Every structure is written in C-alpha cells, then in structure tokens.
1. Just to be sure I understand: if I project the alpha-carbon convex hull of the stretch 103-184 onto a plane and average over all orientations, what area do I get in nm²?
2. Counting only protein heavy atoms and using a 1.4 Å probe, what share of the accessible area of the stretch 43-146 belongs to carbon plus sulfur, as a whole percent?
3. Which of the following values of mean projected area of the Cα convex hull in nm² was calculated from the structure shown: (1) 11.9; (2) 15.1; (3) 17.1?
4. Whole-Hz Karplus ³J(HN,Hα) for the stretch 127-140, in order, using 6.51 cos²θ - 1.76 cosθ + 1.60 and θ = phi - 60°, x for Gly and Pro?
5. Which of the peptides 31-40, 121-130 is most tightly packed, and how do the rest follow, going by the mean number of other Cβ atoms within 10 Å of each residue?
6. I'd like the chymotrypsin sites (Phe, Trp or Tyr not before Pro) in the stretch 76-150 restricted to DSSP loop residues with at most 11 other Cβ atoms within 10 Å, sorted by number.
7. Using the basic label-point model (7 angstrom from Cα toward the beta carbon), what is the LYS60 to GLU82 distance in nanometres?
8. For labels at GLU121 and ASN23 in the simple 7 Å Cα→Cβ model, what's the distance in nm?
Amino acid sequence: MSRIGKAPIALPEGVTVNVSDKNLVTVKGKQGELTQQVDRDIIVKVDGNQLVVERPTDQKRHRAMHGLYRALIANMVKGVSEGFKKQLELVGVGYRASHQGQILELSVGYSHPIMVVLPKEIKLNTISEKGKNPTVVLESSDRQLLGQVSAKIRSLRKPEPYKGKGIRYSDEVLRRKAGKTAGK
C-alpha cells in the first residue's frame, strides 16, 4: 500500500474542504481557495478535522493515483493555510530586478531588459541591497503554479557552471567546474 496515500491529511483550523459528487475537491482557507479535479476511481472523505484518500483496488494505476492525489490535496491544504515561497537570486555583474505591479523587469546581461507578466495569484517582491545579489521573492498558495513560474524565470538565464552567473534559487547548490587553464 502507498505510504503517502494512506497517511491522513490533518486539516488546520480555518481550512474547509468540500468534495462534490463529481470528485471536485475545493479547499478554502485564509490564503485563498484552490480546486482540484480528482480521478473518478479515487475516494476522498472528510472525517472531522482529517481528510482521507482511498483507492478501490490494488491495480498499478490506482496505486499511482492514490499517492498523487493525496500529495496534491495535502499541498492545497498547506497552501491555503500557510502559503508557499520561492526566492530567486540574480548572480552577475550588472544584473538587476525590479517590479511594477505584476510585471517583473529583469536585466540579466542581454542587450535589452526582459519583462515577465506574472499571474495575479502570485505575490511579487524584489529586494536590491548594496553588496548583495538582487533577489526576487515569489509567494502563492498554489504550489504548482509557483514552481512553474519560478522555473520559467530561472530558465531566462540559467546559472552556468564556470563563473556561477545566472538566475538561481536561493537554496540551490551549484556544481562548479574548473576552466581550461586549470587542466594544464
């Protein structure tokens, strides 16, 4: 049995879960509201302040869906109660980040600045302190959307292994390589 799938999801105070007859799970909390369509074979039950995800059989497909939907619903519950946060660092000489509303402007070594329009579900903040790398802080209740947007921003200038320049996550460990001169 799936270890992840059989673990119940604890519902914090202020979080309500509604499961419709078409297996549409809606989670509401102080950070917002999220919905997820669950596979028709998977059973989602609310027991007091716990949420239980069950599967009908031990088929491979049911086992896979069991753990998947339990993890997705757990992320929704955590998102509407606490929220998720990603920090991106811009490492490089002359790299800058600024924002106006939901538009992020990045200067990352190209001939022109890059403008990125972010979805309204994501809160954006840029930090530029003297002597430190510029930082872009993204916050949202939707973990999937946050990960997708931060990966898109990172892909605009991936960190390169020789000098370490580029856009990287603040907790990312970069594997550095020695240049040509180190081989002689």
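1. Reported value for the Cα convex hull: 7.0 nm².
2. Accessible surface attributable to carbon and sulfur in the stretch 43-146 totals 49 percent.
3. Computed from these coordinates, mean projected area of the Cα convex hull in nm² corresponds to label (2).
4. My calculation for the stretch 127-140 gives 10, 10, 10, 5, x, 10, 5, x, 10, 10, 10, 10, 10, 7 Hz in order.
5. Output ranking for 31-40, 121-130: 31-40, 121-130.
6. Working: sites: PHE84, TYR95, TYR110; in loops: TYR95, TYR110.
Here the sparse-neighbourhood loop sites are TYR110.
7. 3.5 nm
8. 2.0 nm
The values are calculated or read from the model by the stated rules, or taken from the named source; none is laboratory data. The shown structure was predicted, so the numbers you read here are calculated from the model rather than taken from an experiment. Every residue, glycine as well, gets a Cβ built from its backbone with ideal geometry; the counts of neighbours run over all protein chains shown. The area values use the complete protein model at the heavy-atom level, side chains included, leaving out ligands, DNA and RNA. Shrake-Rupley method; radii C 1.70, N 1.55, O 1.52, S 1.80 Å.
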